[in-house]
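S.K.: Shown below is the structure under consideration.
The values are calculated or read from the model by the stated rules, or taken from the named source; none is laboratory data. Since this is a predicted model, take the numbers as computed values, not measurements. Glycine gets a Cβ as well: all are built from the backbone with ideal geometry, and neighbour counts include every protein chain shown. With ligands, DNA and RNA removed, areas are computed over all heavy atoms of the protein, side chains included. Shrake-Rupley method; radii C 1.70, N 1.55, O 1.52, S 1.80 Å.
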Amino acid sequence: HGFSWAISQSAMIIPFIFASLFLKEKAGPSRISGVFIILASFLFFSLNKIRGPGMTGDLNSGSPAGGPGWIAISLSAFLLIGISQAFNILPSHWSGWTDKGALRVPLFSLFTFIFWAGYFFSKGANVSFRAASAYSSLYALLVLSGQITLFKSLDLMAAARMSSIVYPLAIGTCIILVAAYSSLLLKEKFGIAGILGISTCLLGLILISI
């Protein structure tokens with residue numbers, strides 16, 4: 001969990017590159033170095049072996065520890081998440097535009113809900129909403145709060161031509177917390193390659209943010 005999360009969430013290098021190339025935000029040597037260090041961390045993830053309760057094997061194998069193609073799936077998430085983050089940055093840079101009605105969050109949530117509702121019903125999925133209501137309500141509240149503060153941060157930092165560092169700061173914290181969760185609660189044991197992968201990824205995030 002911690003490794004695939006780290007890879008997909010490192011997609012913040014895509015909006016960083018997008019803001020540097022197309023929105024004219026400055027990218028100094030430390031930030032550029034951070035981008036390449038994050039990409040290099042994927043090598044450690046690909047070499048990692050993971051152990052946990054009832055789990056043995058290499059993440060690149062077909063074992064219960066990871067299953068085949070986990071890297072391809074994680075990298076697909078990396079690209080898709082990164083592209084969506086680049087689109088999230090754009091409105092903050094529109095000249096003379098302000099989101100006074102805070103429309104981005106409800107629009108984002110509405111279309112996400114429509115997509116997933118359509119997906120579940122098209123598959124004939126039998127979902128017990130009553131059983132999931134408490135958990136899903138808490139999750140929705142956390143996501144809503146996170147989206148509100150995210151867009152507010154993007155607006156504030158865009159005014160200073162520094163919106164490219166919003167995602168690195170936010171996601172760097174997420175990677176630390178998910179890695180801790182995977183280790184402490186899910187009892188995943190990180191091998192040397194896994195530890196180096198997460199450490200390298202975080203080093204890249206720090207360099208991008210300074």
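S.K.: Filter segment 136-176 down to the residues that are farther than 16 Å from Ile206 by Cβ and open to solvent by 80 Å² or more (accessible area, probe 1.4 Å) and list them by number.
M.R.: Within segment 136-176, Leu138, Tyr139, Leu141, Leu142, Ile148, Thr149, Lys152, Leu156, Ala159, Arg161 meet the criteria.
S.K.: If we scan segment 154-174, do we find a residue that is over 28 Å from Leu21 (Cβ atoms), of a type in the set (Asp, Glu) and more than 18 Å from the chain's Cα centre (by Cα)?
M.R.: First, pick out the residues of segment 154-174 that are over 28 Å from Leu21 (Cβ atoms): none.
Checked segment 154-174: no residue is over 28 Å from Leu21 (Cβ atoms), of a type in the set (Asp, Glu) and more than 18 Å from the chain's Cα centre (by Cα).
S.K.: Let me ask something additional. Determine if segment 42-53 includes at least one residue that is surrounded by fewer than 17 Cβ atoms within 10 Å (Cβ to Cβ), in a loop (DSSP other than H, G, I, E, B) and modelled with pLDDT under 75.
M.R.: Scanning segment 42-53 turns up at least one residue that is surrounded by fewer than 17 Cβ atoms within 10 Å (Cβ to Cβ), in a loop (DSSP other than H, G, I, E, B) and modelled with pLDDT under 75.
S.K.: Here's something else I'd like to know. Quick one: how many residues across segment 117-135 are hydrophobic (A, V, I, L, M, F, W, C), modelled with pLDDT under 75 and either open to solvent by less than 60 Å² (accessible area, probe 1.4 Å) or not in a helix (DSSP H, G or I) (or both)?
M.R.: 3
S.K.: Another one. Applying the selection to segment 177-197, what residues are open to solvent by less than 90 Å² (accessible area, probe 1.4 Å), within 18 Å of the chain's Cα centre (by Cα) and aliphatic (A, V, I, L, M)?
M.R.: Val178, Ala179, Ala180
S.K.: Then there is this: From the list Ile114, Ile81, which one is assigned to a helix (DSSP H, G or I) and within 17 Å of Gly146 (Cα to Cα)? Write out each step before concluding.
M.R.: Values: Ile114 fails: within 17 Å of Gly146 (Cα to Cα).
After ruling out the rest, the residue left standing is Ile81.
S.K.: Here's a follow-up. Which of the residues spanning segment 84-107 are part of a helix (DSSP H, G or I) and either at pLDDT 85 or above or among the aliphatic types (A, V, I, L, M) (or both)? Let's see the steps before the verdict.
M.R.: Start the filter on segment 84-107 by keeping residues that are part of a helix (DSSP H, G or I), which leaves 84-93, 104-107.
Matches in segment 84-107: Ser84, Gln85, Ala86, Phe87, Asn88, Ile89, Leu90, Pro91, Ser92, His93, Val105, Leu107.
S.K.: Residues that are modelled with pLDDT of 80 or more, closer than 19 Å to Gly146 by Cβ and in a helix (DSSP H, G or I): does segment 24-38 have at least one?
M.R.: So far as segment 24-38 goes, no, none of its residues is modelled with pLDDT of 80 or more, closer than 19 Å to Gly146 by Cβ and in a helix (DSSP H, G or I).
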